[in-house]
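Please read the structure below before turning to the comments.
The values are calculated or read from the model by the stated rules, or taken from the named source; none is laboratory data. What you see is a predicted model; the values in this text were computed from it and never measured. We place every Cβ from the backbone using ideal geometry, glycine too, and count neighbours over all the protein chains shown. Just so you know, the surface numbers come from the protein's heavy atoms only, side chains and all, with ligands and any DNA or RNA stripped out. Shrake-Rupley method; radii C 1.70, N 1.55, O 1.52, S 1.80 Å.
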Amino acid sequence: MSAVEIPFAEARSGPSRRTFIKGVIATGAAVSSSNYLFRTPGALSASTVVRSTLPRMLTLNVNGQTRSVDVLPQETLAMTLRYKLGLTGTKLGCDRAECGACTVMIDGVTHYACSVLTQTVRDRQVTTIEGLESADGTLHPVQQAVIAEGGFQCAFCAPGFIMSMVALVNENPDPTREEAAQALSGNLCRCGDYDKILNSAMRAAEFSRRMA
Amino acid sequence: MALIGQDIAPPDLVAKVTGRAKYAEDFRAEGMVFAKLLLSPMPHARVRSVDATRALAMPGVLGILRASELPQADAPGETPLTDEPKYVGEPILALAAVDETTAANAIEAIEIDLEPLPFVIDPLASLAPGGPDARLDGNAMVFGENGRELKSIKWTAADFDSLEDGRLPMGEPTDEWEHGDLDAGFAAADVIVEDTIVHQSLTHHPMETRSSMAYWQNGKCHLFASTQSAGRTHGAIANQLDLDPDDLVFVAQYCGGGFGSKIAGAPIYQVTALLAKKIQKPVMMRINRYEEGYIGRGRPGFQSWVKMGLKNDGKITAIDLYIVQDHGPYGRSGDYITAGAVTDLMYQPGAMRFRGITIYTNTPPRAAQRGPGGAQIVAMLEPVLDKAARELGIDRFDIRMTNAPDSDSEFGQNRDKTTGTFVREAMVAGAERFDWAGKSQLSGQRNGTKVTGVGIGVSPYVGGSSGFDGLLLIRPDGKLNIHQGIGNLGTHSMADTGRAAADALEMAWEDCNVIWGDSSQHLPHSSVQAGSQTAHAHTRANHAAGLDLKQKLQEIAAATMGGSAAAYRVSAGRISGPGGSMSFARAAERAIEMGGKYSGEELPEDINATTTRSGTALAGQGVMGVAKDNFSHEGGTWSWVVGFAVVELDVETGDVVLKEYLGATDCGTVLHPRSLGAQIAGGSIQGFGQARSQKWVFDPKWGVPFAHRLYTARPPGILDVPLHMDWVAAEIPDPENPVGVKGIGEPPVGAGAAAITSAIADALGGKCLCRTPLTTDVILAELEGRPQPAQLTEIHI
């Protein structure tokens, strides 16, 4: 039960598997097959198995807000968002870069939050699904497009897909359907709602162009 | 204009696109701690001893829960923790700690002594003389004179002689039925085709795993869990925990997919609830993808043999079908039985014999998976029918039309009838829109290394139940509150079936609230959110409650303004007639004054106790519509999807690309067009994964699974499917549903899978490889004339 399990799939333009593992090793944490773990700092700070020279109190910029948070060296961004910052819109579907449900943007680039160590996003801008709405509650054009197209079924994958759609329309405001599919290929939908998801992406590009 | 038939986004979509929708793992409670499971490393073992002293002494560890502390299920039922694990990954105990890392470290510190027991992963190995049984009490459950009993069944060595020719061994079955004269049917046949076919087991793998959180407060258990059905899970879990339903607050507003694996929740939720009770703290049990691969259920695999006889005109004279089902270690799965009925319904043979047996194995537990039994058998048999069509020189569409049933057809052991079958109409509509006549000419066309294959797959499945309750309430704000006890796993039926109530009152959808997913919100008795039941069952139930509410509104208007109730028209939020007009809001106020049946203080006697409890809680707040669905329901409700596919098979790499796909359906009146299209496409895509990529692999020596994550048993991604997926509906109302709707969740899976197995066989010149999934290595072995990687009758290899 203690073998090191190496994820095969990698985050697009995210940290490579190598840098992820090196990051973990450098901070001295044990990689366990009991993956997908979450540790509450404070509760057991005296007996923490991790010894590290990294500071634990970090200042993170999430959705335009500066948040101070106590982060352990081996903690993934998905865990920090979900269990420290109350941002449960970012979903964990596999925790090993296989499904994309945890996709967020870091400095405008999509990453799998399950495969990013929170310690590596200091001084960077993190955007989650909760950060897409305007301050006045107006939905982002991508969110409006999904509603217009009735996109998604169970929608557990939706936050991840929507973040990938935002990155798509930012980078390529006039994509072909095939380009949209390529851009969304790092996200998995088990309901198989790909047709409506592509309709939503194309509509999102249209909405974004209109607003530009 | 009626709401039924329109594209209306479900009311929960804003929550879904903003991240505000709360799935089970998104709930938090003050002082919440975490649980982890100790999973069996062996496929079958007995726990000799557990020493948790070291673990319990670790700082932050709060307690463990053992199997003996749970209510024990009767064999062959499953208790979610066990001291006799029957598959690798089966939970033995649960441990709670202040955080997950501590819990996981403590699990590692538990000293456990396991005694290995005999195990088996292949049903045929268990049936062989002297073969091991997966359970200590046998390898099969049979229905004898004393009801059901567990037995150890072994076939004779002679039964296995057929393996020499790669033919399924067929010993004594436990289930058998026959209609017509089988021998005469085969004697009259001009062509006979025969094949041994293997279908894999596969995990459901919904995006959301079966996580749950529970706490106890003032003697009540509050449980937040991922489940398909809301109301029916509430009842099931209250029963499992031996709680009065009022003492269980169950919240399940969103479900990240289930596909049959979470019909009434999951057994593991008992562990969360009881662990929380034991340590008196809120407990979060997050199930990770590994654990989901073990405890997340799977579709039963089949090892089967079929013989089909046909006349020169393509009419099927006889079918002889034998299925050996791989059952996993628990319960009783009827997939193989359903497969027999589906075969008889779709092919209408002059005579048919079905034989089958289901055998326990030390592999993960099985459950219904979307189109259970049907999805397997159509994917297996459609390429066999194609082979016969090729031999007879008959077009593959025509041979299906020749054999397809109509509304008068009978099928199965009991010669059942359907409420109405319009698959021919769906086939004709599909063939036209797909251009079957043109596309089928592409069959075998070669372009460089690529060969085109064209396939067709006909897939029926049960499409609805009846007899449930509807519960509606208009308070003095004039809005229609539609209380729904069904679940919310993305089919949108929790919203869409409410349209039947709104239409009965000619009410705008903006003036309707759908209330669902929280047992404290007073929900009516409902069908399970499974088996394509809800679109049918709850359009009926809501129609019944809508008519009841309309009648009450008319009576209130007549009592208030004079004249006869029948003279009042109910529309757009007003009741108008000879005495004038009043708003629904005013009628709600009047109902509160009038009391009795109008405000729910008197309830119908035939409604379920759950609905009575909810109706009583809501009484006196406005005008209530509440009724049981007592509409006629003669015959079985069956829906159909016919898949049409074009693939390109690369003869050098063995790769298959799906170029085009269309699903044509007979599912009655179209309730929500865009959502129907999504069910057809999405279900078909699950079928593509079944046909092509999702498999189980076990080490036969140690019984350890290798393919239990998403990347090792890969479901289709967005690049694996065509950029556009098309659909068409016959749009013929079901004669037995007053609003005409039938369910649609199940049949597309088989249609998608069968269209692919049929198209790949077509690209291979009519060669049925007779196994799924048709992975690249299987196709390459065929192309290169090498033996297949596994024997035809080996499963999970």
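Just checking, which of B:Gly625, B:Gly663 is part of a strand (DSSP E or B), open to solvent by less than 10 Å² (accessible area, probe 1.4 Å) and either in the same structural domain as B:Ala537 (by TED's automatic domain parsing) or farther than 22 Å from A:Phe152 by Cα (or both)?
Among B:Gly625, B:Gly663, only B:Gly625 is part of a strand (DSSP E or B), open to solvent by less than 10 Å² (accessible area, probe 1.4 Å) and either in the same structural domain as B:Ala537 (by TED's automatic domain parsing) or farther than 22 Å from A:Phe152 by Cα (or both).
Just a yes or no: is a residue in the stretch A:175-193 among the basic types (Lys, Arg), crowded, with 20+ Cβ neighbours inside 10 Å and under 17 Å from B:Val14 (Cα atoms)?
Looking for residues that are among the basic types (Lys, Arg), crowded, with 20+ Cβ neighbours inside 10 Å and under 17 Å from B:Val14 (Cα atoms), one finds none in the stretch A:175-193, hence no.
Identify the residue in the stretch A:100-115 that is open to solvent by less than 30 Å² (accessible area, probe 1.4 Å) and under 19 Å from A:Thr66 (Cα atoms) and, among all such residues, is farthest from the other protein chains (Cβ to nearest Cβ).
Among residues in the stretch A:100-115 that are open to solvent by less than 30 Å² (accessible area, probe 1.4 Å) and under 19 Å from A:Thr66 (Cα atoms), the one farthest from the other protein chains (Cβ to nearest Cβ) is A:Ile106.
Do the conditions hold for B:Leu671, that is, is it part of a loop (DSSP other than H, G, I, E, B) and touching a Cys at 6+ places or on another chain (Cβ under 7 Å)?
no
Could you list all residues from the stretch B:241-272 that are more than 21 Å from the chain's Cα centre (by Cα) and hydroxyl-bearing (Ser, Thr, Tyr)?
Within the stretch B:241-272, just B:Thr272 meets the criteria.
Looking only at the stretch B:31-55, how many residues end up being in a strand (DSSP E or B) and under 29 Å from the mean Cα position of the chain (by Cα)?
The total comes to 5.
How many residues does the stretch A:133-147 hold that are surrounded by fewer than 24 Cβ atoms within 10 Å (Cβ to Cβ) and at the interface with chain B (Cβ under 9 Å from one of its Cβ atoms)?
Selection size over the stretch A:133-147: 5.
Give the stretch B:722-759 a look and list any residue that's under 23 Å from B:Thr203 (Cα atoms) and among the β-branched types (Val, Ile, Thr), or say none.
B:Ile744, B:Val749, B:Ile756, B:Thr757
Just for the stretch B:776-797: of the residues that are part of a loop (DSSP other than H, G, I, E, B) and over 18 Å from B:Thr196 (Cα atoms), which one is least open to solvent (accessible area, probe 1.4 Å)?
Ranking the qualifying residues of the stretch B:776-797, first place goes to B:Gly785.
Output yes when any residue across the stretch B:329-341 is touching a strand residue (DSSP E or B) at 6+ places or on another chain (Cβ under 8 Å), under 26 Å from B:Ser162 (Cβ atoms) and assigned to a strand (DSSP E or B), and no when none is.
no
Of all residues in the stretch A:198-208, count the ones that are within 14 Å of A:Thr176 (Cα to Cα) and either modelled with pLDDT under 95 or open to solvent by less than 50 Å² (accessible area, probe 1.4 Å) (or both).
Residues in the stretch A:198-208 being within 14 Å of A:Thr176 (Cα to Cα) and either modelled with pLDDT under 95 or open to solvent by less than 50 Å² (accessible area, probe 1.4 Å) (or both): 6 in total.
Answer yes or no: is there a residue in the stretch B:212-231 that is over 25 Å from B:Gly531 (Cβ atoms), touching a Lys or Arg at 6+ places or on another chain (Cβ under 9 Å) and part of a helix (DSSP H, G or I).
No; the residues of the stretch B:212-231 include none that is over 25 Å from B:Gly531 (Cβ atoms), touching a Lys or Arg at 6+ places or on another chain (Cβ under 9 Å) and part of a helix (DSSP H, G or I).
Going through the stretch A:76-91 one residue at a time, which ones are open to solvent by 10 Å² or more (accessible area, probe 1.4 Å), in contact with a helix residue (DSSP H, G or I) (Cβ under 6 Å, 6 or more places away or on another chain) and within 17 Å of A:Val121 (Cβ to Cβ)?
Correct list: A:Thr76, A:Leu87.
Just wondering, is there one or more residues in the stretch A:125-136 that are in the same structural domain as A:Asn63 (by TED's automatic domain parsing), more than 27 Å from B:Asp12 (Cβ to Cβ) and assigned to a strand (DSSP E or B)?
yes
Only one of B:Leu81, B:Leu65 is among the aliphatic types (A, V, I, L, M), in a loop (DSSP other than H, G, I, E, B), open to solvent by less than 20 Å² (accessible area, probe 1.4 Å) and closer than 26 Å to B:Gly331 by Cβ. Can you tell me which?
B:Leu81
Do we have B:Arg20 as of a type in the set (Lys, Arg), outside any helix (DSSP H, G or I) and either without any contact (Cβ under 8 Å) to a residue 40 or more places away in the chain or open to solvent by less than 10 Å² (accessible area, probe 1.4 Å) (or both) here?
Spelling it out, B:Arg20 is indeed of a type in the set (Lys, Arg), outside any helix (DSSP H, G or I) and either without any contact (Cβ under 8 Å) to a residue 40 or more places away in the chain or open to solvent by less than 10 Å² (accessible area, probe 1.4 Å) (or both).
Is it the case that some residue within the stretch B:211-218 is at pLDDT 95 or above and in contact with a Cys (Cβ under 9 Å, 6 or more places away or on another chain)?
Scanning the stretch B:211-218, I find at least one residue that is at pLDDT 95 or above and in contact with a Cys (Cβ under 9 Å, 6 or more places away or on another chain), so the answer is yes.
Are there any pairs, at least 6 apart or on different chains, whose C-beta atoms fall under 7 Å, with the first in the stretch B:538-562 and closer than 15 Å to B:Lys628 by Cα and the second charged (D, E, K, R) and surrounded by 24 or more Cβ atoms within 10 Å (Cβ to Cβ), and if so, which?
If the second residue must be charged (D, E, K, R) and surrounded by 24 or more Cβ atoms within 10 Å (Cβ to Cβ), the pairs left are B:Arg540/B:Asp629; B:Ala541/B:Asp469; B:Ala541/B:Asp629; B:Ala544/B:Asp629.
Would you check which residues across the stretch B:172-197 are surrounded by fewer than 19 Cβ atoms within 10 Å (Cβ to Cβ), outside any strand (DSSP E or B) and more than 29 Å from the chain's Cα centre (by Cα) and list them?
B:Glu172, B:Gly180, B:Asp181, B:Asp183, B:Ala184, B:Phe186, B:Ala187, B:Ala188, B:Asp190
Quick check: anything in the stretch B:255-264 open to solvent by 10 Å² or more (accessible area, probe 1.4 Å), out of contact with any Pro (no Cβ under 8 Å at 6 or more places or on another chain) and outside any helix (DSSP H, G or I)?
yes
Report whether or not B:Glu660 is among the charged types (D, E, K, R) and within 14 Å of another protein chain (Cβ to nearest Cβ).
Against the criterion (among the charged types (D, E, K, R) and within 14 Å of another protein chain (Cβ to nearest Cβ)), B:Glu660 qualifies.
Across the stretch B:681-706, what is the total count of residues that are touching a His at 6+ places or on another chain (Cβ under 9 Å), hydrophobic (A, V, I, L, M, F, W, C) and either within 12 Å of chain A (Cβ to nearest Cβ) or in a loop (DSSP other than H, G, I, E, B) (or both)?
Selection size over the stretch B:681-706: 2.
Taking into account only those residues within the stretch B:216-230 that are surrounded by fewer than 24 Cβ atoms within 10 Å (Cβ to Cβ) and of a type outside the set (S, T, N, Q), which is farthest from B:Ile685 (Cα to Cα)?
B:Gly219
Do the conditions hold for B:Thr358, that is, is it over 24 Å from B:Leu792 (Cα atoms), in contact (Cβ under 8 Å) with a residue 60 or more places away in the chain and in a strand (DSSP E or B)?
Taking the combined requirement at face value, the residue does not satisfy it.
Of all residues in the stretch B:705-737, which are under 30 Å from B:Gly5 (Cβ atoms), open to solvent by 40 Å² or more (accessible area, probe 1.4 Å) and either in contact with a strand residue (DSSP E or B) (Cβ under 6 Å, 6 or more places away or on another chain) or among the aromatic types (Phe, Trp, Tyr) (or both)?
Correct list: B:Asp726, B:Trp727, B:Pro733.
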